[in-house]
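Single-structure report; data block below.
The values are calculated or read from the model by the stated rules, or taken from the named source; none is laboratory data. Quick caveat, the model's predicted, so the values are computed rather than measured. Cβ: placed from backbone, ideal geometry, glycine included. Neighbour counts: every protein chain shown. Accessible surface areas use protein heavy atoms only, side chains included; no ligands, DNA or RNA. Shrake-Rupley method; radii C 1.70, N 1.55, O 1.52, S 1.80 Å.
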Amino acid sequence: MDRLPGFRDFYPEPLPHPDVGSADARQYIFIKWREIARRYGFREYDGPPLESLELYTTKSGAEIVGQLYNFEDKGERDVALRPEMTPTLARMIAAHERAYKKPIKWFTIPQLFRYERPGKGRLREHFQLNADIIGETDPAAEAELIALLIDTLRSFGLTEADFVVRLSSRNAWHDYFVSHKGNPAQEYEFYQIIDKLEREDPQVNDRKLSALGFSLVEVTAFIQEGKPTTELQSILDNLSARGLDPFVKVDYGVIRGLAYYTGIVFEAFDRKGEFRAICGGGRYDNLVKLISGGKVDLAALGFGMGDVVLLELLKARGLLPKFDGGIDIFCLIEDEALRSDSLKLIHNLRQHGISVEYSLTKAKSDKQFKRAQELNAARTVRLEHGPDGELTAKLKDLKSREERTLTIDELINEVSRK
């Protein structure tokens, strides 16, 4: 029986087949995400993977239903697997924002689900780092969030030669739209065209823009000029003070297709242009108010970084470490009379944070040693009685082949320092 299209199985390495996910690589990414987010003072939260369908239609309209895993549950409620985390965050903030000092800086690593055609860098499920700042209107919040984004990617060994954050502004596009006397009822449609400029045929773009009273030549000229607004310049100056300016550029070609963005928007791309966007986000000052039915009005901004594109990029740049799954010690039980003493030692070592394996049942010495090699153990240990009857441990380094005789206390002190 096969897994469903667009979903992944995660196996420990070494992987049995190239068409499966690596549980070790996934954990490596999660550890980095958490480490950098916490370094920036973000607190972790989570929410349910199943939400009311209304939560998503309120934010995105009825058309989003075609992209969801939705159904009627046994309580006759219309529900959906979460396709994104921001609506859940807005719901949670609206319910209990008074319990937290502002600004609120939170992150999460949810698994998300969308019913859409799988392709390169896009599956029907993925994990994602979401980081958001709630309750701050100053562009310094954007700079803080973008710095987090940059340092997260840098933590994997990626450099300014590997990726760039393209920074834009819905406000700048709104001013452009108004100055060219665009029809207010068509503004979101205009944004949708801009969002697809790089993916659509120029003739198609020109035709669509002309229908709204705009010229592709003029729109392209505005993008190419890339003159930063006052708020964009303040973000650039903030990032420059941190030494992060080589990672950022103003690019009005980025507008983010989602309707709920209200100000600064940004996306991170690989410099070679081989992959989809690594990350994207922006300001969404109206969402908490919308989700709460007008009861709570808080400024907000955030980004999402998916694991699928990031993993592809790290593989392409040769930046994934080797996951050998090795253990610290394999305990050889060559004398069954010493099994109880060996089990006591094994448990003691594990309590000291040492990973230890052993043969669960009686086995020949060569078979146990072979198992130690299969598990890529760094060392082996075996108990024996010394000349005076005292219990001692033979600790062997499998790389150097050096073997030493230690007391139990000496052994535990020795391996606990590694």
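Data for the structure
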quantity: Selection of GluC sites (Glu not before Pro), the stretch 129-234, meeting DSSP coil and at most 12 other Cβ within 10 Å; calculated: Glu198
quantity: Asn413-Ala211 pseudo-label distance in nm [points 7 Å out on the Cα-to-Cβ vector]; calculated: 8.0 nm
quantity: Lys pairs, the stretch 79-224 - Cα-Cα below 26 angstrom, 8 or more residues apart or on other chains; calculated: 4
quantity: Distance-filtered residues of the stretch 372-413 - backbone nitrogen under 19 Å, label point 7 angstrom along Lys344 Cα→Cβ; calculated: 381-395, 406-413
quantity: The stretch 1-93 - percent of accessible surface contributed by carbon and sulfur, probe 1.4 Å; calculated: 51 percent
quantity: Protein accessible area in the stretch 324-404, 1.4 Å probe - carbon and sulfur %; calculated: 46 percent
quantity: Lysines with Cα under 18 Å of Lys59, excluding same-chain neighbours fewer than 8 positions away; calculated: Lys289, Lys295
quantity: Carbon plus sulfur fraction of accessible area for the stretch 169-294, probe 1.4 Å, in percent; calculated: 49 percent
quantity: Nearest-0.05 FRET efficiency for Tyr188 and Ala337, computed from C-beta distance (R0 56 Å); calculated: 0.10
quantity: Placed amide H near Leu398: partners under 5 Å, 5+ positions off or other chain; calculated: Arg379, Thr380
quantity: Note, ³J(HN,Hα) from phi for the stretch 184-201, Karplus 6.51, -1.76, 1.60, rounded to Hz, x at Gly and Pro; calculated: x, 5, 10, 5, 5, 4, 4, 4, 5, 5, 4, 4, 9, 4, 6, 9, 9, 5
quantity: Those lysines that a straight Cα-Cα span of less than 18 Å connects to Lys362, excepting residues fewer than 8 apart in one chain; calculated: Lys344, Lys370
quantity: Added length on full extension, which subtracts the Cα-Cα distance from 0.36 nm per residue, Leu15 to Ile31; calculated: 3.7 nm
quantity: In the stretch 22-98, trypsin sites (Lys or Arg not before Pro) in a DSSP loop with at most 14 other beta-carbon atoms within 10 Å; calculated: Lys74, Arg77
quantity: For the stretch 220-227, Karplus couplings with θ = phi - 60° (6.51, -1.76, 1.60), whole Hz, Gly/Pro x; calculated: 5, 5, 4, 5, 5, 5, x, 6
quantity: The chain - percent relative contact order, Cα under 8 Å, separation 6 or more; calculated: 15 percent
quantity: Whole-Hz ³J(HN,Hα) from phi, Karplus 6.51 cos²θ - 1.76 cosθ + 1.60, for the stretch 81-96, glycine and proline x; calculated: 5, 5, x, 7, 9, 4, x, 4, 4, 4, 5, 5, 5, 4, 6, 9
quantity: Dipole in debye (nearest 20) - the stretch 271-329, about Cα centre, beta carbon charges: Lys, Arg +1; Asp, Glu -1; calculated: 280 debye
quantity: Estimated inter-spin distance, Tyr69 and Asp46, nm [label 7 Å along Cα→Cβ]; calculated: 1.7 nm
quantity: Rounded accessible area per residue of the stretch 238-361, 1.4 Å, Å²; calculated: 43 Å²
quantity: Under-5 Å amide H pairs with Phe275, H placed in peptide plane, nonlocal only; calculated: Asp270
